[in-house]
């Protein structure tokens with residue numbers, strides 16, 4: 001073998017040995033990188049920046065369920081960097097995503113805030129971002145679930161409430177047909193049929209009004225509304241009901257105030273309060289409707305001397321179809337929607353409804369709305385006002401008879 005051949009053989013052997021050593025080194029480096037990746041707790045670049053820009057609660061946890069990074073909204077759920085995840089369910093979901101390699105999601109109850117706070121319904125999604133790190137994203141769906149439950153309850157309650165008058169109308173129609181040869185009995189059944197039809201029409205109308213108030217975003221007929229006109233129209237609309245019940249409706253308080261809104265909607269809201277006050281007042285008593293201005297807020301208070309509302313039921317009287325006294329509501333034809341309509345109508349006008357009540361002493365419902373300036377074309381000339389002052393003593397007793405004290409509670 002000559003020198004050239006030996007040189008080529010040596011070169012080939014060197015290439016083989018060098019390639020083997022290089023491959024061994026590269027394999028060792030890859031194995032080291034894999035081992036480091038499997039045991040590393042370093043958060044990937046950019047993850048913290050993403051967390052700080054999230055609106056939902058989100059945290060990065062390691063295999064021991066220790067919080068390594070958290071978004072600001074995660075603080076109320078007691079996520080603190082360097083501490084263990086507070087809930088067992090969260091640790092279980094994170095472990096399932098880390099071991100399975102696929103995202104895991106579940107809806108759980110989780111307390112938000114101090115112990116007096118009620119647990120919230122939270123949708124949790126866990127995603128593995130490395131062999132030892134897992135991303136947990138929490139979305140509070142409590143309000144969404146509450147609204148959905150309200151919708152289901154509304155549909156169920158509406159169906160239940162409509163079945164009663166519809167069934168009664170059907171039965172009475174059959175009874176009239178069977179009693180065709182008995183005119184007095186036909187008249188009795190016809191009167192009851194008319195009453196059930198009126199009840200059905202009222203219930204349907206109120207359901208439509210409530211749906212309209214809840215679905216629309218803006219008032220259709222918004223303008224400067226005279227509070228005097230709203231109160232007067234509401235009182236006049238229920239004059240027959242008051243006379244039939246033997247109840248006197250007394251108007252008192254401040255005059256000449258204006259609010260911004262829909263006159264028809266406001267009249268219906270005040271009218272519902274007056275109708276309830278009359279229905280729950282004993283015969284011979286009075287219902288007071290007072291108006292006053294407090295720090296730029298117009299207050300329209302309706303006071304009765306009726307049975308009152310227990311403290312435990314006062315938070316529920318504005319719910320749909322809720323009746324504090326179901327037996328009395330059935331006798332008076334109440335639908336349980338009046339106060340719910342009042343609440344949504346007032347909220348649509350940027351106001352609120354307050355309730356003061358004591359069993360056996362009566363109730364005061366107060367509508368509070370922002371005041372607006374009177375329209376220029378409605379302003380009365382000064383001479384006319386001076387002439388009207390001469391008749392003030394004649395109207396003073398009516399205002400003084402308003403059954404409200406200065407703080408809005410029954411006197």
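The values are calculated or read from the model by the stated rules, or taken from the named source; none is laboratory data. Model, not experiment: these values are computed from the prediction. Note: ideal-geometry Cβ built from the backbone for every residue, glycine included; neighbour counts use all protein chains shown.
Are any of the residues in region 74-82 in a strand (DSSP E or B), touching a strand residue (DSSP E or B) at 6+ places or on another chain (Cβ under 7 Å) and touching a residue at least 40 places away in the same chain (Cβ under 8 Å)?
No: region 74-82 contains no residue that is in a strand (DSSP E or B), touching a strand residue (DSSP E or B) at 6+ places or on another chain (Cβ under 7 Å) and touching a residue at least 40 places away in the same chain (Cβ under 8 Å).
Return yes or no: is residue 128 outside any helix (DSSP H, G or I) and closer than 21 Å to residue 47 by Cβ?
Here the answer is yes, as residue 128 does meet what is asked.
Out of curiosity, is residue 68 at pLDDT 90 or above, within 16 Å of residue 108 (Cβ to Cβ) and surrounded by 13 or more Cβ atoms within 10 Å (Cβ to Cβ)?
For residue 68, the condition - at pLDDT 90 or above, within 16 Å of residue 108 (Cβ to Cβ) and surrounded by 13 or more Cβ atoms within 10 Å (Cβ to Cβ) - is not met.
Tell me, yes or no, whether region 90-99 has at least one residue that is under 19 Å from residue 141 (Cα atoms) and more than 30 Å from the chain's Cα centre (by Cα).
Yes, that holds for at least one residue.
Consider residue 109 carefully, then state whether it is under 23 Å from residue 53 (Cα atoms), modelled with pLDDT of 80 or more and not in a helix (DSSP H, G or I).
no
Name the one entry in 234, 281 that is part of a loop (DSSP other than H, G, I, E, B), touching a strand residue (DSSP E or B) at 6+ places or on another chain (Cβ under 9 Å) and either touching a residue at least 12 places away in the same chain (Cβ under 8 Å) or assigned by TED's automatic domain parsing to the domain that holds residue 374 (or both).
281
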